[in-house]
Amino acid sequence: MRHDTTRANAELQAALDLAASWYVALPSGSLTRKPASLTLFGQQAVAWRGRDGRPVLMPRACPHMGASLAHGKIVDGLLECPFHGWRFDSSGACAQIPGSDHIPAAAHRQPWPVVERYGYIWAWYGSAEPIFPLPGMTAFDAGPAWYRRFRFADTVMTSVRHVLEKTYDTGHLARLSGSRAGRPRLRILTPGEFAGDHGSPIPADAWLGAEVRLPRHPGTLTALTGLTGTGAGQVTLRVDGWPAGQRVSVLADGVPQYRMLLATTPVAPGRTVQHVATAVERTGRVRTEMAQLLMSRVTAAAAARRRRPGPESAHAVGDDGVRAFQRYYQSWVDRVVDADNSPARRAEAGASGTDGRRPRGAEGSAPV
């Protein structure tokens with residue numbers, strides 16, 4: 001009798017409270033010549049690179065005896081199980097079984113759609129195929145001759161929703177800026193007001209953006225912008241994003257200071273890794289560039305500290321920006337296909353013999 005795990009998967013999906021979207025699975029530098037073990041979307045997974053060097057991300061357990069494929073090795077571009085040597089190709093299908101010419105139709109692991117970009121490997125969650133492409137960001141697509149960059153990651157004991165809504169929480173932004181002169185002013189924007197600011201447009205239904213003006217009175221962030229020589233009297237944040245990430249520009253008196261990419265990794269319910277990458281344009285004015293880079297490091301680190309302790313019960317009340325984000329995010333939670341269509345569930349069904357179809361692989365799902 002086959003175990004019915006549909007209810008358990010549905011409960012996990014509800015506990016994760018995730019929108020259908022692109023999430024960081026792991027940094028590109030973490031994936032070398034060996035398989036990498038990770039927990040993502042509350043599931044045990046393995047990441048590896050196929051024969052062409054492209055990343056593959058799929059459930060960790062071998063469909064034969066359940067051994068961890070993360071303990072295996074890569075042989076001729078195939079992932080080899082450490083127990084009996086079954087080898088899997090980039091589509092997740094079993095390509096070789098030692099001593100046998102017969103490969104069961106159910107001997108596969110269904111990969112997640114993946115894209116490698118900006119120094120990260122991204123995975124799509126919520127449906128068998130991505131609903132929209134991973135958004136582009138010019139500051140991170142350009143070569144090092146154009147931008148100075150840094151990045152870091154921080155684990156927080158909260159949900160993806162709670163991490164991302166803080167960008168729209170004016171009370172949180174006031175504390176972050178160090179100003180005691182009142183809350184910033186936040187205005188929800190339309191996609192037309194953001195054309196080309198950060199990179200490739202995000203489809204309108206997957207997009208949310210805002211402009212945030214910090215109080216003009218002195219605060220930590222205003223003082224830091226003074227170091228850049230702009231003499232800033234007005235610090236403005238321009239935010240646009242997709243359900244699981246955000247692109248942010250910080251301006252002082254209308255002059256761009258730096259750009260930021262905020263992305264998320266949902267590890268398990270109530271456990272999220274937030275990834276922050278910043279870029280400062282090279283202008284030839286080294287002193288100004290270094291001051292801007294320092295400002296981006298200080299504010300990004302402060303943002304991470306501010307996000308860390310916040311419990312789910314600390315959601316802002318009466319904040320129009322937060323409410324707008326929550327409505328938007330929930331609309332993409334509602335797009336998540338039921339648990340029966342998750343990669344782990346389909347792989348499990350295949351292992352039990354209930355689904356003998358050969359799946360389409362990650363490489364055909366989204367361009368890298």
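The values are calculated or read from the model by the stated rules, or taken from the named source; none is laboratory data. Note that the structure is predicted; figures quoted are calculated from it, not measured. Here the Cβ positions follow ideal geometry from the backbone for every residue, glycine too, while neighbour counts run over all protein chains shown. These area figures cover heavy atoms from the full protein model, side chains too; ligands, DNA and RNA do not enter into them. Shrake-Rupley method; radii C 1.70, N 1.55, O 1.52, S 1.80 Å.
For this structure, a couple of remarks:
- Unmet criterion (only one of (1) within 29 Å of His162 (Cα to Cα); (2) modelled with pLDDT of 95 or more) for Leu79: (1)
- Only a single criterion out of (1) at pLDDT 85 or above; (2) more than 15 Å from Asp154 (Cβ to Cβ) is not satisfied by Pro266, namely (2).
- Any chance Arg259 is closer than 22 Å to Ala15 by Cβ and either open to solvent by 10 Å² or more (accessible area, probe 1.4 Å) or not acidic (Asp, Glu) (or both): no
- Index of the failed condition, Val114 passing every other in (1) over 21 Å from Met58 (Cα atoms); (2) touching a Lys or Arg at 6+ places or on another chain (Cβ under 9 Å); (3) modelled with pLDDT of 95 or more: (1)
- Residue in the range 122-137 that is over 22 Å from Ser200 (Cβ atoms) and polar (S, T, N, Q) present: no
- Matching residues, the range 100-122, being over 30 Å from Leu261 (Cα atoms) and open to solvent by 40 Å² or more (accessible area, probe 1.4 Å): Ser100, Asp101, His102, Ile103, Pro104, Ala105
- Among the candidates Ala181, Ala223, Ala204, Ala210, residue that is farther than 22 Å from Pro133 by Cβ and either open to solvent by less than 10 Å² (accessible area, probe 1.4 Å) or modelled with pLDDT of 85 or more (or both): Ala210
- In the range 1-14, the residues that are under 18 Å from Val337 (Cα atoms) reach residues that are at pLDDT 85 or above and of a type in the set (Gly, Ala, Ser) with C-beta atoms within less than 6 angstrom, at least six apart or across chains, in these pairs: Leu12/Gly42.
- Filtering the range 1-12 to residues that are surrounded by fewer than 16 Cβ atoms within 10 Å (Cβ to Cβ) and modelled with pLDDT of 85 or more leaves Ala10, Glu11.
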